[in-house]
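Since the structure comes first, as structure tokens, the remarks are kept for the end.
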Amino acid sequence: MRFVKARLAIIFVFVAVIIAGCGFPPAPPPELHGDPFLVCTRAHESDRDDVNGNGLHDAGYATNTGNGYYGAYQFLQSTWDKTAEHADWPALIGVRPNTVSVDHQDMMAWALYEWYGKSPWGYRC
């Protein structure tokens, strides 16, 4: 039994290393989704109502407005790609922002915010 557990532990570590090497960001901290800046930005960029009644404006994540901006934070594809490159998440380069998980959208918006501040969203929030 110990041998099986040891092998499973080794396999788990190996898979974790492979996934980390793929460039996907780690899971975000739970409070990131409810960060006041991100909540405000989502509300301005992709939905005007709190349809779920939770104050987080999470209804607008998979947004494609047809104007060249994508996702809850309305990224230009070029900005998304540059942010993914800057954050060292190559697996997200070339991926449409509105097609990734809400966690990835939050993390990319946070990465851009840490890199450029509020300016990409017009200093609204």
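Where a number appears in this text, it was derived from the coordinates with a stated rule and is not lab data. Bear in mind the structure is a predicted one, so any value in this text is a computation, not a measurement. Neighbour counts run over all protein chains shown; Cβ positions are idealised from the backbone, glycine included.
Out of all the residues in the stretch 86-125, which are aromatic (Phe, Trp, Tyr) and assigned to a helix (DSSP H, G or I)?
Hits for the stretch 86-125 are 110, 113, 115, 116, 121.
Which one is surrounded by the fewest Cβ atoms within 10 Å (Cβ to Cβ) among residues in the stretch 66-85 that are touching a residue at least 12 places away in the same chain (Cβ under 8 Å), in a loop (DSSP other than H, G, I, E, B) and not aliphatic (A, V, I, L, M)?
Checking each candidate, the answer is 74.
Does the stretch 65-95 hold any residues that are in contact with a helix residue (DSSP H, G or I) (Cβ under 7 Å, 6 or more places away or on another chain) and within 20 Å of residue 33 (Cα to Cα), and which are they?
70, 71, 72, 73, 74, 75, 80, 83, 84, 87, 92
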